[in-house]
1. Return the total of residues in the stretch 104-116 being under 16 Å from A144 (Cβ atoms) and part of a loop (DSSP other than H, G, I, E, B).
2. Looking at the stretch 96-105, which of its residues are modelled with pLDDT of 95 or more and open to solvent by 100 Å² or more (accessible area, probe 1.4 Å)?
3. Taking the condition of being under 16 Å from V164 (Cα atoms) and crowded, with 24+ Cβ neighbours inside 10 Å, how many residues in the stretch 132-141 meet it?
4. List pairs: first residue in the stretch 157-173 and polar (S, T, N, Q), second residue in a helix (DSSP H, G or I) anywhere in the structure, Cβ distance under 7 angstrom, at least six positions apart or on different chains.
5. Going through the stretch 108-131 one residue at a time, which ones are of a type in the set (A, V, I, L, M, F, W, C) and open to solvent by 20 Å² or more (accessible area, probe 1.4 Å)?
6. Restricting to the stretch 225-246, count the residues that are free of Cβ contacts under 8 Å to residues at least 40 places away in the same chain and loosely packed, with under 15 Cβ neighbours inside 10 Å.
Amino acid sequence: MDQNMTTFSSIGNTLPEITFEETDETCEKHKVKLINFADRAICPVCAKELTQQRERELADELTKQHYSTLEKRKEADRPENYIKKSLLNDRKILTASFDNYETTDEETKKNKEMARVIAKRYIDGEVFNTILSGKVGTGKSHLANSILSAVNEHISPKQKCLYVSAYKLLNELRASYRSGAESEDVKGNLVNLCNEAYLLVIDDLGAEVGSKNNQKVAASDNFDLLNNILENRINQKPTIITTNLTADQIESIYDDRTRSRVLAGADMSTLIKFEKTKDKRNRIEF
């Protein structure tokens, strides 16, 4: 074979022999003969160095991406950011605070002040349930998130806070039945999501079982899900519950076990009632 020919034999004879022809030119940097490749003369040492450089750059980029992902996960796992995992249809409620809560009458003023006191008690470490009850659109959810937001911002050390819709919780579980997913795994994930939170808001209790006028009894899967969530929270972690139901309606819909867990640690100082406040939401007049 010509001494000016460089040969690369195929592996296992599966590819034809590839031969590169040396030229009379020499690489000024490496002092080796250039070879003809793809209609141009290249230095084999330069080509190798370029390949190695690109491999290092790719490795560096992959390393940066890896650590960037870890940082994002670390940031997401910070207790004060846990609230972003909230499970609800309209996430605008998470912007609700004491600052943007409008008081329109004596009842809303009194309820706002009660909510502020409750938030301070939670920040100081007290454990009890808060119930906000009243008709649709009176501001229960707004005040519930105001308490949650204040605790999320001011409690020290930082704690995980979460806002979930009772209706959304049950829908997630029922969706697992339709999709063929392991419903017990889904239920376990929902329970873990809620019970990792130090302070939990369960919004609109009762909406998940239908019209309160029908006095419909909550389904067994709803009992199980609520009880599993509330079971480990009793005397351990505080929970805020909003509902359109009256005490009598709660008694007719839920079993004794669920009712006792809903009302755990609650008393008249932690019961915020909207009895006279009108629907604050925008209405279409016709």
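1. Final tally of qualifying residues: 0.
2. D99
3. Looking only at the stretch 132-141, we keep the residues that are under 16 Å from V164 (Cα atoms), and these are 132, 140-141.
Retained after the next criterion (residues that are crowded, with 24+ Cβ neighbours inside 10 Å): 132, 140.
The total comes to 2.
4. Taking only residues 6 or more apart or on different chains, the pairs are Q159/P79.
5. Start the filter on the stretch 108-131 by keeping residues that are of a type in the set (A, V, I, L, M, F, W, C), which leaves 114-115, 117-119, 123, 127-128, 131.
Residues satisfying the conditions are M114, V117, I123, V127.
6. Of the residues in that region, 3 qualify.
The values are calculated or read from the model by the stated rules, or taken from the named source; none is laboratory data. Everything numeric in this text was worked out from a predicted model, so none of it was measured. Note: ideal-geometry Cβ built from the backbone for every residue, glycine included; neighbour counts use all protein chains shown. Ligands, DNA and RNA are excluded from the accessible area calculation, which covers all protein heavy atoms including side chains. Shrake-Rupley method; radii C 1.70, N 1.55, O 1.52, S 1.80 Å.
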